[in-house]
Amino acid sequence: MSNEINLPIYMDYASTTPVDPRVAQKISDHLTLDGNFGNPASRSHKFGWKAEEAVEEARSHVANLVNCDPREIVWTSGATEADNLAIKGIANFYKNNGKHIITSKIEHKAVLDPCRQLERDGFEITYLEPNDRGLITPKAVSDAIREDTILVSIMHINNELGTINDLHGIGRVARKNSVFFHVDAAQSTGKVDIDLGDLPVDLMSFSAHKTYGPKGIGALFVRRKPRVRIEAQIHGGGHERGMRSGTLPTHQIVGMGEAFKLAKEEMDADKARIKLMHDRFYDSISKIEEIYVNGDITNKVSNILNISFAYVEGESLIMALKDIAVSSGSACTSASLEPSYVLRALGIKDELASSSIRFSFGRFTTEEEVDYTLTLINHAVERLRELSPLWEMYLDGIDIDSVEWQTH
Amino acid sequence: MAYSKKVIEKFENTLNEPEKFNVGRFDPKEANIGTGMVGAPACGDVMKLQIKCESKGNTHVIKDVKFKTYGCGSAIASSSELVDMLVGKTLEEAREIKNVEIAEALELPPIKIHCSVLAEDSIKQAIDDFEQKQ
């Protein structure tokens, strides 16, 4: 079986996806002299006009996937920049209306770090705790809103857990209180339907490279009705209606456009296939004793599955699974030696957080890859448990929590 | 993970041939067994080391060793490396083993030095346990 499979197997699609070959073709058509290489801002010749046309077509593809007006899409260098532009842009523009912002403890660093920066600039931030299933509830948001709250920033799909927040519910709370609502949707495109014609969301961040597009390009949705205004963070030329200056990278933009066009066309088929892979994987792996799904198996996307293998340390599991590319919440894989802050925020014990592995599937995941991965995991978990004094204690019926450990 | 080839080899060998690499347990109640268990699950590593001793002159010699380790790759490799050093040593000699010997043998990266410290603690505790029984 292993002869048919290329190793290592990629099971880390939530980290980044390979560029779809159709997208790669589109990108390479916009680079060289015989292609569409012009500067979209050049107004005096056909090279510029053609490039502008390609950029606007791509903008329509992005808008089409999430059902908004193309004029509501601002190109950025990625979801990180889109998050920065949304959060700092709103804070800087509306600072006279209030200095309070609400976000959550399980946001991506691209949201948390701009919030930390704003704290240094005199803003007050409330970091909401998720419930034990990884959700930020509309009620939690509602309870945190104050007279001086100007922005709520909550992610759509959590990158570690795959859990899906209720954007309608949170958005309604924000609208009722006249507070702007920003959503980091980097993990959402091509995975779930997004209808901005219906959603009470004011700003939404997108990334190309999580949806089979290139790295280095993303977009921010900025609603026109009711109008949302943001202060630019990068100045120099007034591109993107003054919200984000800098020569537009035509090749990356058409790449994102093509990727999002394909996402629109193939989302149903992709979702169905990935759900099959997920269920095949989960049905088998759930037969292993003492494993725990982190997040909520009943409210998550199929492409992400986060599992803790009790009594096995995550980094050693990753080492034992060297032919499988996955991510871990283990402290040992992070530079800080701290387990995942997302799992901690859910109230998961450090040792279970350290035993966690995030598997993420994608468009190119095959049944053979899933089966081979399962074989390796079963083998590795069995071997590592044989090596684990904690597993031995568990089998002997000793409660690990009742032992007085010497923490170091 | 900036691991040396030595850590990876030691880890993989231990995982693939547990018996050959002394993975297992002795009955801790037996008089000639000393058990040390150090670390904590919440910190990400727990080492359990057991020594089987035999009296020789006015001291004891380590005849056999068993261990189990929960932890990252370098924690498992550090335990296994320590085990290799123990058999045949007197308790006095075993007590002299320093974590740097393990760290150097495995070329542990600085961030993983604590794994070798834990290994050193485990043998000290196992010897203490054995001596208390005598």
Given pairs A:Lys109/A:Lys139; A:Lys215/A:Lys275; A:Lys275/A:Lys300; A:Lys210/A:Lys349; B:Lys20/B:Lys63 and cut-off 21 Å on Cα-Cα distance, the over-length ones are A:Lys109/A:Lys139; A:Lys215/A:Lys275; A:Lys210/A:Lys349
Shape call, the range A:77-208: gyration tensor on alpha carbons, a/c limit 1.5: rounded
Exposed GluC sites (Glu not before Pro) absent - longest run of chain A, DSSP non-H/G/I/E/B, at most 11 other C-beta within 10 Å: A:148-403
Rounded tilt (10° steps) of B:73-86 against the dominant C-alpha axis of chain B: 30 degrees
What net charge do the residues around A:Asp350 carry, taking every other residue with its C-beta under 15 Å from that of A:Asp350, with Lys and Arg at +1 and Asp and Glu at -1? -4
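List the trypsin sites (Lys or Arg not before Pro) within the range A:286-367 that DSSP assigns to loop and that have no more than 15 neighbouring Cβ atoms inside 10 Å. Don't skip to the answer; put the middle values down first.
On the way: sites: A:Lys287, A:Lys300, A:Lys322, A:Arg344, A:Lys349, A:Arg358, A:Arg363; in loops: A:Lys287, A:Lys322, A:Lys349, A:Arg363.
Here the sparse-neighbourhood loop sites are A:Lys287, A:Lys322.
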Here the tail fraction of P(r) beyond 30 Å, over all Cα-Cα pairs of the protein assembly as shown, rounds in percent to 57 percent
Within a 10 angstrom radius of each residue's Cβ in B:61-74, how many Cβ atoms of other chains show up on average? Whole number is fine. 5
Taking springs between alpha-carbon atoms closer than 10 angstrom, which of A:Lys275, A:Lys99, A:Lys176 fluctuates most in the Gaussian network model of chain A? A:Lys176
Out of the total accessible area of the range B:52-134 (probe 1.4 Å, heavy atoms of protein only), what percent is carbon and sulfur? 48 percent
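Rounded to the nearest 500, what is the 222 nm mean residue ellipticity of the protein assembly as shown from helices alone, with -39500 (n - 2.57) per DSSP H run of 4+ residues and division by all residues?
Details: 17 runs with 213 residues, N = 542.
The helix contribution divided over the protein assembly as shown gives -12500 deg cm²/dmol.
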Work out, in µm²/s and without decimals, the Stokes-Einstein translational diffusion coefficient of the range A:85-139 at 20 °C, 1.002 mPa s, Rh from Kirkwood over C-alpha pairs. 180 µm²/s
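Between A:Asp323 and A:Thr375, 0.36 nm times their residue separation minus their Cα-Cα distance comes to what?
17.6 nm
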Accessible surface, the range A:191-231, averaged per residue in Å² (probe 1.4 Å): 36 Å²
Heavy-atom accessible surface buried between A and B, both sides counted, 1.4 angstrom probe, nearest 100 Å², is 2900 Å²
Looking only at trypsin sites (Lys or Arg not before Pro) in DSSP loops with at most 12 other Cβ atoms within 10 Å, what is the longest site-free stretch of chain B? B:30-97
In a shell of Cβ-Cβ distance under 13 Å around B:Lys10, excluding B:Lys10 itself, what net charge do Lys and Arg (+1) and Asp and Glu (-1) give? -2
Return the carbon/sulfur percentage of the accessible area of the range B:1-50, one whole number, probe 1.4 Å, all protein chains in place. 51 percent
Which values, in whole Å and largest first, are the semi-axes of the equivalent ellipsoid of chain B obtained as the square root of 5 times each eigenvalue of the Cα gyration tensor? 24, 14, 14
Compactness index (Cα Rg / 2.2 N^0.38 Å), the range B:63-134: 1.07
What the Cα atoms of the range A:1-102 span along the principal axes, largest first and in whole Å, is 64, 44, 23
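Give me the net charge of A:Ala41's neighbourhood, meaning all other residues with Cβ under 12 Å from the Cβ of A:Ala41; Lys, Arg count +1, Asp, Glu -1. Don't skip to the end; give the middle numbers.
On the way: positive: A:Arg43; negative: A:Glu52, A:Glu240.
Charge balance in the 12 Å sphere: -1.
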Using the heavy atoms of the protein chains and a 1.4 angstrom probe, tell me the accessible area per residue for chain B in square angstrom. 43 Å²
With heavy atoms of protein chains only and a 1.4 Å probe, what residues of the range B:40-54 have at least 20 Å² less accessible area in the full set of chains than alone? B:Ala40, B:Pro41, B:Ala42, B:Cys43, B:Gly44, B:Val46, B:Lys48
Carbon and sulfur atoms account, in whole percent of the 1.4 Å probe accessible area of chain A, for 49 percent
Between A:Asp283, A:Asp148, A:Asp34, find the one with the highest GNM mean-square fluctuation for chain A; connect C-alpha pairs within less than 10 Å. A:Asp34
How far is the Cα center of the range A:1-33 from the Cα center of the range A:248-272, in Å? 14 Å
In degrees rounded to 10, the 0-90 angle between helix A:79-93 Cα long axis and the longest Cα principal axis of chain A is 60 degrees
Which of the cysteines in chain B are isolated, no other cysteine C-beta under 4.7 Å? B:Cys43, B:Cys53, B:Cys115
Compute the accessible area of each residue in the range A:369-395 twice, once for its chain alone and once with every protein chain present, using a 1.4 Å probe on heavy atoms, and list those whose area falls by at least 40 Å². A:Arg383, A:Glu386, A:Leu387, A:Pro389, A:Leu390, A:Glu392
Calculate, in nm to one decimal, what A:Arg43 and A:Ser284 gain on full extension: separation in residues at 0.36 nm each, minus their alpha carbon distance. 80.9 nm
Distance between the C-alpha centers of the range A:360-408 and the range A:125-168? Whole Å please. 32 Å
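The values are calculated or read from the model by the stated rules, or taken from the named source; none is laboratory data. Nothing here was measured: the structure is a model prediction, and the numbers come from that model. Note that we place each Cβ from the backbone using ideal geometry, even for glycine, and neighbour counts take in every protein chain shown. Side chains are part of the model used for accessible areas, which takes the heavy atoms of the whole protein and leaves out ligands, DNA and RNA. Shrake-Rupley method; radii C 1.70, N 1.55, O 1.52, S 1.80 Å.
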